[in-house]
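Chemist: Pasting a structure here, questions to come.
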Amino acid sequence: MQYALTINGKSHTVDVDEDTPLLWVLRDTVNLKGTKFGCGAGLCGACTVHLDGAPTRACQTAISDVGKASITTIEGVGETPVGARLQKAWLDVDVVQCGYCQAGQIMSAAALLAQNKSPSDSDIDAAMDGNICRCATYSRIRQAIKQAAGADFGALGPQRKGA
Ligand code: FES
Ligand code: FES
């Protein structure tokens, strides 16, 4: 069946089964590989994208449920002011270790900052709760979110990989 999608502001028409997960459509049909497959069960957050700005697990979203929602992926989030600030902060803080979870982490963080310009620690923890990092970069993720929000409390200071 054909579906007309808006992904990162561009129109795409895909012809897939109605129960195809959005994650497969993004990666295999539209060739946007930045969104990652982790658990495939809604548990890790690696596949997080935005549907009309809301963080959404692409592995758990059938293409037939997307409707007219505008899809934003890690390839497009840097075009938004919040996404651009987050990407800069991620580099400044040197958040990433293996990197596998990080696209999903940034997508969840961008959705948080779009709604809450000055999140508390508990706001950040709640918003990021479903995004798992096997490299345990959680402290640096929190620091980068605070920096992007304009509230770098500096508790950790810049950290290098492996710190
Ligand atoms: S791959 Fe979707 S939540 Fe893990
Ligand atoms: S940076 Fe390796 S899984 Fe998060």
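Chemist: For region 77-149, with only Lys/Arg (+1) and Asp/Glu (-1) charged at the beta-carbon, what is the dipole magnitude about the Cα centre, in debye rounded to 20? It would help to have the intermediate numbers written out before the result.
Modeler: On the way: 7 positive and 7 negative charges, 24 e Å.
Once rounded to the nearest 20, the dipole reads 120 debye.
Chemist: Heavy-atom accessible area per residue, region 2-72, 1.4 Å probe: how many Å²? If you can, show how the numbers build up before the last one.
Modeler: Numbers: 3530 Å² over 71 residues.
With all protein chains present, region 2-72 gives 50 Å² per residue.
Chemist: Here's another thing I want to ask about it. Would you mind checking the pairs K68/K88; K88/K117; K33/K68 and listing those with alpha carbons more than 28 angstrom apart?
Modeler: Details: K68/K88 31 Å; K88/K117 16 Å; K33/K68 22 Å.
Checking Cα-Cα distances, K68/K88 exceed 28 Å.
Chemist: Please report the carbon-and-sulfur percent of the accessible area for region 2-72; probe 1.4 Å, protein heavy atoms only, DNA, RNA and ligands left out. Show your work: numbers first, answer last.
Modeler: Details: 1600 of 3530 Å².
That fraction is 45 percent.
Chemist: Could you calculate the contour length gain from D94 to C39, that is, 0.36 nm times the residue separation minus the distance between their Cα atoms, to one decimal place in nm?
Modeler: Numbers: separation 55, 0.36 × 55 = 19.80 nm, distance 2.51 nm.
The span from D94 to C39 would gain 17.3 nm if fully extended.
Chemist: Using only the alpha-carbon atoms, how far is helix 81-93 inclined from the longest principal axis of the chain? Give it as 0 to 90 degrees, nearest 10.
Modeler: 50 degrees
Chemist: Here is a follow-up. Show that you can apply the helix-only estimate: for the chain, add -39,500 (n - 2.57) for every DSSP H stretch of four or more residues, divide by all residues, and state [θ] at 222 nm to the nearest 500.
Modeler: On the way: 4 runs with 46 residues, N = 163.
Helix-only estimate at 222 nm: -8500 deg cm²/dmol.
Chemist: Can you find, among A127, A111, I141, the residue sitting farthest towards the positive end of the charge dipole of region 77-149, where Lys and Arg contribute +1 and Asp and Glu -1 at Cβ?
Modeler: Farthest towards the positive end: I141.
The values are calculated or read from the model by the stated rules, or taken from the named source; none is laboratory data. Everything quoted here is computed from the prediction, not taken from an experiment. A quick note on method: Cβ atoms are made from the backbone with ideal geometry, for glycine too, and the neighbour counts reach across all protein chains shown. Accessible surface is based on the protein model in full, side chains and every heavy atom, while ligands, DNA and RNA are left aside. Shrake-Rupley method; radii C 1.70, N 1.55, O 1.52, S 1.80 Å.
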